[in-house]
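Asker: Mind looking over this structure? Questions follow.
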Amino acid sequence: MSENRKTVNIYTDGACSGNPGPGGWGAILEFGPHRKEMSGFVAGTTNNRMELFAAISALGALKEPCNVKLYSDSNYLVQAFNDHWIDNWKKNGWKTSNGTKVENQDLWFILTAQTKKHNVEFIKVKGHADHPENNRCDELAREAVQQLMKMEEESRRPAE
């Protein structure tokens, strides 16, 4: 971690109604006394894409290079960095150890670019447990899914 950078805690979560289906993501950024909540939705997506999108969106909201502790309940996200899956995927031409194409490459490319800008430590938290920030991110993600589903339902109603 660089000494001259601000330290930011980021909490993220993704949700999907069906997999694939309508998806949502939530994130919380904390710097000192400051706290920012973010969320959004995507139609026709997967839970893993929403987990990645939450991290991308939160890191993208930072206005300068920071030291980041990013907390997630996603093994997919955390292990890709902590267990060096990404390094191996790059060496293998973005193929997994069994030779198949790595899923979600578009999002992995964006996320790895962001980790070059910031010093990011990925920390695994237990999902749906007693972690208040993770629980709040889950709420934000689920609320975003509901918002999208409501908008889709309204768009299918005949005009009066």
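Asker: What are the residues whose amide H is under 5 Å from the amide H of Glu121, where those residues sit 5 or more places off or on another chain and H is modelled from the backbone?
Answerer: Val68, Lys69, Leu70
Asker: While we're here: Out of segment 14-69, which trypsin sites (Lys or Arg not before Pro) are coil in DSSP terms and have no more than 11 other C-beta atoms within 10 Å?
Answerer: Passing both the DSSP loop test and the Cβ count: Lys63.
Asker: So, counting K/R as plus one and D/E as minus one, what does the shell of residues with Cβ under 11 Å around Leu140 add up to?
Answerer: On the way: positive: Arg136, Arg142; negative: Asp13, Glu37, Glu133, Asp138, Glu139, Glu143.
Value of the local net charge: -4.
Asker: Still on this structure: Under the Karplus relation 6.51 cos²θ - 1.76 cosθ + 1.60, θ = phi - 60°, what is the ordered set of whole-Hz ³J(HN,Hα) values for segment 100-112, x standing for Gly and Pro?
Answerer: In residue order, the calculated couplings are 8, 5, 5, 6, 6, 4, 4, 6, 4, 4, 5, 5, 5 Hz.
Asker: While we're looking at this one, here's another question. Projecting each Cα onto the charge dipole of the chain (Lys/Arg +1, Asp/Glu -1 at the beta carbon, about the Cα centre), which of Val78, Ala43, Asn134 comes out farthest on the positive side?
Answerer: Highest projection toward the positive end goes to Val78.
Asker: Here is a further query. In nm, what is the difference between 0.36 nm times the number of residues separating Glu139 and Glu154 and their Cα-Cα distance?
Answerer: Contour length minus the Cα-Cα distance gives 3.2 nm.
Asker: Also, I was wondering about something else. State, as an integer percentage, the relative contact order of the chain based on alpha-carbon contacts under 8 Å between residues 6 or more apart.
Answerer: Value for the chain: 31 percent.
Asker: Another one. Where nothing but the Cβ of Lys and Arg (+1) and of Asp and Glu (-1) is charged, how large is the charge dipole of segment 1-158 around its Cα centre, in debye to the nearest 20?
Answerer: That gives a dipole near 460 debye.
Asker: Which entries in Lys90/Lys117; Lys6/Lys63; Lys63/Lys124 show an alpha-carbon gap greater than 21 Å?
Answerer: Pairs exceeding the cut-off: Lys63/Lys124.
Asker: Roughly how many nanometres apart are two label points built 7 Å out from the Cα toward the Cβ at Thr115 and Ala129?
Answerer: 2.2 nm
Asker: For a quick check of your reading of the filter: which GluC sites (Glu not before Pro) in segment 80-151 sit in a DSSP loop and have no more than 15 other Cβ atoms within 10 Å?
Answerer: Answer by residue number: Glu103.
Asker: I want the local charge near Ile110. Using Cβ-Cβ distances under 13 Å, sum +1 for each Lys or Arg and -1 for each Asp or Glu among the other residues.
Answerer: Details: positive: Arg49, Lys116, Lys117; negative: Asp106.
Local net charge: +2.
Asker: Then there is this: Residue by residue, what Karplus-based ³J(HN,Hα) values in Hz, rounded to whole numbers, does segment 7-16 have, using 6.51, -1.76 and 1.60 with θ = phi - 60° and x for Gly and Pro?
Answerer: 9, 10, 9, 10, 10, 9, 7, x, 8, 9
Asker: Report the local net charge at Gly93: Lys and Arg +1, Asp and Glu -1, summed over other residues whose C-beta lies under 15 Å from its C-beta.
Answerer: +2
Coordinate-derived values only; no laboratory data. All of these numbers come straight from a predicted model, not from anything done at the bench. As a convention, Cβ positions derive from the backbone with ideal geometry for all residues, glycine included, and neighbour counts pool all protein chains shown.
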